[in-house]
1. Which one of these is closer than 23 Å to F241 by Cβ and touching a Pro at 6+ places or on another chain (Cβ under 7 Å): A98, A39, A44?
2. Give the residue, chosen from G159, G128, that is at positive phi and buried (at least 16 other Cβ atoms within 10 Å of the Cβ).
3. Go through (1) of a type in the set (D, E); (2) in the same structural domain as V175 (by TED's automatic domain parsing); (3) surrounded by 12 or more Cβ atoms within 10 Å (Cβ to Cβ) one by one and return the number of the condition D123 breaks.
4. May I ask you to list the residues in the range 195-250 that are farther than 19 Å from L109 by Cα, surrounded by fewer than 21 Cβ atoms within 10 Å (Cβ to Cβ) and not aliphatic (A, V, I, L, M)?
5. Residues to consider are G68, G29, G73; find the one that is within 30 Å of G176 (Cα to Cα) and at pLDDT below 95.
6. Can you name every residue in the range 212-241 that is within 29 Å of P171 (Cα to Cα) and under 15 Å from the mean Cα position of the chain (by Cα)?
7. Please specify each residue of the range 185-211 satisfying the condition of being assigned to a helix (DSSP H, G or I), charged (D, E, K, R) and more than 17 Å from the chain's Cα centre (by Cα).
8. Could you tell me whether the range 77-86 includes any residue that is buried (at least 18 other Cβ atoms within 10 Å of the Cβ), closer than 23 Å to D36 by Cα and either modelled with pLDDT of 95 or more or touching a Gly at 6+ places or on another chain (Cβ under 9 Å) (or both)?
Amino acid sequence: MSPVRLADLVGWMDETLAAPSFRDYGPNGLQVLGRDEVAHLAAAVSVSLDVIERAADAGADALLVHHGLFWDGADPTIGRLERRRLEGLFGAGMSLIAYHLPLDAHPELGNNALLADLLGLADRAPFGEHRGMRIGVQGALPAPEQVGDLAARLGARLGSSPLVLPGGDHPVRTVGIVSGGAARDIRQAADAGLDAFITGEPSEDAMYLACELGVHFIAAGHNATETLGVQALAARAAERFGLATGFLPVDNPV
């Protein structure tokens, strides 16, 4: 197939993820305009100078990320770091496309749905409210597991080393998942009567919350828990539009 118009690609992503319906912590969709057409779409969890340069070296026309350049409350000044990133994008003629909460929440392509797939969760329901939208997933494991075994199984699939903060001695039957930096959603897991909560990284008080709430806490890596959504969305775009695509992994322990 011939290259797709950038506007058509972004419009399809916006619609697929229902992006306009989210009140997010930053802008979703097109963040930096590059070439008008896209034949090669690169994907990564977060934008960085390294990722931009690797995408450019791969010949990408657009870069799709979960964590983009712009965030609410951030200093609006284009400083040295932001300038280097923008110069990398401009020099390559490459667009930057970013989706945050919409790419967590999608019931098929979202980070949390795909994590639930990895664990084989059944009886799923929306979980984890952020700005009026439930972006996570809760469900039941195929069989009860000890929390250490569950964390090891997830880590093996993600290539990470999860941190486990026990919430007692009970086995895990039910789980709530919110990828990334959602440590304090463990309170919502407790309110829902769940046995364990999975996210990306801990907060300082996560150990106390797990113990006092009686909910096992598993931090499987912020980056690691958010590698799945961008890959799934890029793969779906490649299938629909005939694009070349590639994922740019980062060795990030956080």
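1. Every option except A39 fails the conditions.
2. Matching residue, one of G159, G128: G128.
3. (3)
4. E201, P202, S203, E204, D205, Y208, C211, E212, G214
5. G73
6. Those that are within 29 Å of P171 (Cα to Cα) and under 15 Å from the mean Cα position of the chain (by Cα): A219, A220, G221, H222, N223, A224, T225, E226, T227, L228, G229.
7. Matches in the range 185-211: R187, D191.
8. yes
The values are calculated or read from the model by the stated rules, or taken from the named source; none is laboratory data. Only a predicted model underlies this, so the values are computations on that prediction, with no experimental measurement involved. As a convention, Cβ positions derive from the backbone with ideal geometry for all residues, glycine included, and neighbour counts pool all protein chains shown.
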